[in-house]
Amino acid sequence: MINHIGILTSGGDAPGMNAALYGVVKTAQHYNIKVSGIKKGYEGLISNDLISLDIQTLQSSMHLGGTILRTARCDVFKTEQGRACAINTINKNKIDALIIIGGDGSFKGALWLAQKSNIQLIGIPGTIDNDLAGTDFTLGFDTAVNTSMQCIDKIRDTAESHNRVFVIEVMGRDSGYIAAYSGLTSGADSILIPESRNDIESLLNNLDDFHSDHALIVVVAEGDEVGTQEVCEKIKSVNPNIDLRLTKLGHLQRGGNPTASDRMLAIGLGSFSVHALLENKTGMMVGIINNRYCLTKFAGVIKKHEISEEVNKLLAIFCR
Ligand code: ADP
Ligand code: F6P
């Protein structure tokens, strides 16, 4: 029997988190379940910082990026004392179930809670990196790709005007998903990602016959083993006369209004997570695979989300 759900957003924020809150609260309201928002991820769970969430507030914030609950990377939660305080908050407020919106780190925390308490726990994948197994897409990925793609389009305008080579770093702590999707959709010449080992060699080989009568766009994932600075140095070592610029897109990729795709994913997974709780599911993340909602145990989602075979084929033809 679930009377009270607690919900928090944790780790890096991602566009679509507010829409997921809307999906959860609207569905919970349908079943007469109370929902409390926990501020700043696991920090609010430790310090008992709870707010009530009403539909009107969520209707007017679902289109916004970031998270109205705020988020945090909370190291205290990794200590015994921090975890004891978190369990105390759960008991004191009679929270029957917890929904955690975040990435793999947040689910490692949830895994620990699942082992130490009887509370029901469901995770919603919220990270722009799209680096979780158990779902084809995470909240915020589509928005981040659109943002990066538009930035690369703009860089192309100036790159072509000067026939310059641009090395552009996009986000993705350990994952090449944003680089692969934003690079392919903006016609990049080369895409360097951590999942592929010899892409830098192909780029350098192609530079042998590079003439400065056109531009060249190189997209590099932040998590690639060859950092952008080194990529620039290697390009210069092949041809010192190349007119080269480096741009790091950085945190602007994490902001902005979620796309329609991200909003649909968010309200769908938000609603599905309440239904999963009502079916007594726990210790699992909701996700979407082949257009169907699904559940995967936390331990299974923490492993790497490999670049799909279809995207790898495109990378081989378009960018090598
Ligand atoms: P993300 O969820 O986006 O991957 P982080 O890796 O920063 O972001 O993790 C978010 C939070 O989850 C951390 O600040 C910490 O509170 C909690 N967390 C991460 N790893 C663990 C762990 N091994 N054990 C307990 N809690 C963890
Ligand atoms: O996990 C999302 C992400 O944006 C990564 O792509 C990036 O490496 C990291 O978070 C940046 O974290 P911070 O906001 O702590 O600088």
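The values are calculated or read from the model by the stated rules, or taken from the named source; none is laboratory data. These figures come from a predicted structure and were not determined experimentally. Cβ sites come from the backbone with ideal geometry, for glycine too, and all protein chains shown count toward neighbours. We work out accessible area using only protein heavy atoms, side chains counted, and drop any ligands, DNA or RNA first. Shrake-Rupley method; radii C 1.70, N 1.55, O 1.52, S 1.80 Å.
Filter segment 48-67 down to residues that are touching a strand residue (DSSP E or B) at 6+ places or on another chain (Cβ under 8 Å) and more than 14 Å from ligand 1 (Cβ to nearest atom), then give me how many there are. Quick ask: steps written out before the conclusion?
First pass over segment 48-67, keeping only residues touching a strand residue (DSSP E or B) at 6+ places or on another chain (Cβ under 8 Å): 49-53, 67.
Narrowing the set further to residues that are more than 14 Å from ligand 1 (Cβ to nearest atom) leaves 49-53.
Going through segment 48-67 one residue at a time, the tally reaches 5.
Give just the number: which of (1) open to solvent by 10 Å² or more (accessible area, probe 1.4 Å); (2) away from ligand 2 (no atom under 16 Å from the Cβ); (3) at pLDDT 95 or above does Ile217 not satisfy? Failed condition: (1).
Identify the residue in segment 144-158 that is free of Cβ contacts under 8 Å to residues at least 12 places away in the same chain and either under 20 Å from Leu244 (Cα atoms) or of a type in the set (Val, Ile, Thr) (or both) and, among all such residues, is least open to solvent (accessible area, probe 1.4 Å).
Looking only at segment 144-158, we keep the residues that are free of Cβ contacts under 8 Å to residues at least 12 places away in the same chain, and these are 150, 154, 157-158.
Retained after the next criterion (residues that are either under 20 Å from Leu244 (Cα atoms) or of a type in the set (Val, Ile, Thr) (or both)): 154, 157-158.
Details: Lys154: 140, Asp157: 105, Thr158: 58 Å².
Taking the candidates together, the pick is Thr158.
Taking the conditions exactly as written (under 23 Å from the mean Cα position of the chain (by Cα) and among the charged types (D, E, K, R)), does Lys26 satisfy them or not? Taking the combined requirement at face value, the residue does not satisfy it. For segment 120-143, indicate whether the set of residues that are within 25 Å of Gln29 (Cα to Cα) and open to solvent by 10 Å² or more (accessible area, probe 1.4 Å) is non-empty. The answer is yes; a qualifying residue exists. From the list Arg263, Arg245, Arg254, the one residue that fits, being in contact with a Pro (Cβ under 8 Å, 6 or more places away or on another chain), open to solvent by 30 Å² or more (accessible area, probe 1.4 Å) and touching a residue at least 40 places away in the same chain (Cβ under 8 Å), is Arg254. If the condition is being modelled with pLDDT of 95 or more, surrounded by fewer than 24 Cβ atoms within 10 Å (Cβ to Cβ) and more than 16 Å from ligand 1 (Cβ to nearest atom), then segment 1-21 contributes Ile2, Asn3, His4. Apart from one condition, Met62 fits all of (1) closer than 20 Å to Ile122 by Cα; (2) touching a helix residue (DSSP H, G or I) at 6+ places or on another chain (Cβ under 7 Å); the exception is (1).
Scoring Ile200 on the criteria (1) assigned to a helix (DSSP H, G or I); (2) within 16 Å of ligand 2 (Cβ to nearest atom) leaves a single failure, condition (2).
Do you know which residues across segment 23-36 are open to solvent by less than 70 Å² (accessible area, probe 1.4 Å) and not small (Gly, Ala, Ser)? Give the steps one after another, and end with the answer.
Kept after step one, since they are open to solvent by less than 70 Å² (accessible area, probe 1.4 Å), are these residues of segment 23-36: 23-25, 27-28, 33, 35-36.
Scanning segment 23-36 gives Val24, Val25, Thr27, Ile33, Val35.
Criterion applied to Ile95, Ile99, Ile51, Ile55 was being under 28 Å from Asn130 (Cβ atoms) and not hydroxyl-bearing (Ser, Thr, Tyr), and the one residue passing it is Ile99. Only residues that are open to solvent by 70 Å² or more (accessible area, probe 1.4 Å) and either of a type in the set (Val, Ile, Thr) or under 20 Å from Asp96 (Cβ atoms) (or both) were counted in segment 37-53, giving 1. Under 6 Å between Cβ atoms, which residue pairs at least 6 apart in sequence (or on different chains) link something in segment 90-116 that is farther than 21 Å from Val25 by Cα and of a type outside the set (Asp, Glu) with a partner that is assigned to a loop (DSSP other than H, G, I, E, B) and more than 16 Å from ligand 2 (Cβ to nearest atom)? Pairs that qualify, where the first residue is farther than 21 Å from Val25 by Cα and of a type outside the set (Asp, Glu) and the partner is assigned to a loop (DSSP other than H, G, I, E, B) and more than 16 Å from ligand 2 (Cβ to nearest atom), are Ala114/Gly283. Among the conditions (1) open to solvent by less than 10 Å² (accessible area, probe 1.4 Å); (2) within 13 Å of ligand 1 (Cβ to nearest atom), the only one that Lys108 does not satisfy is (1).
Looking at segment 113-135, can you tell me whether even one residue there is at pLDDT 95 or above, closer than 30 Å to Phe77 by Cβ, of a type in the set (Asp, Glu) and away from ligand 2 (no atom under 11 Å from the Cβ)? No, every residue in segment 113-135 fails to be at pLDDT 95 or above, closer than 30 Å to Phe77 by Cβ, of a type in the set (Asp, Glu) and away from ligand 2 (no atom under 11 Å from the Cβ). Each residue in segment 279-306 was checked for being at pLDDT 95 or above and under 20 Å from Ser196 (Cα atoms), and 0 pass. Checked against (1) more than 9 Å from ligand 1 (Cβ to nearest atom); (2) buried (at least 18 other Cβ atoms within 10 Å of the Cβ), Arg83 meets all criteria but (1).
Looking at segment 159-175, which of its residues are within 11 Å of ligand 2 (Cβ to nearest atom) and crowded, with 24+ Cβ neighbours inside 10 Å?
To start, the set of residues in segment 159-175 that are within 11 Å of ligand 2 (Cβ to nearest atom) comprises 169-175.
Hits for segment 159-175 are Val170, Met171, Gly172, Ser175.
Taking the options Asp129, Asp153, name whichever one is more than 21 Å from Ile307 (Cα to Cα) and acidic (Asp, Glu). Let's see the steps before the verdict.
Working: Asp129 fails: more than 21 Å from Ile307 (Cα to Cα).
Step by step, each of Asp129, Asp153 is checked, and only Asp153 is more than 21 Å from Ile307 (Cα to Cα) and acidic (Asp, Glu).
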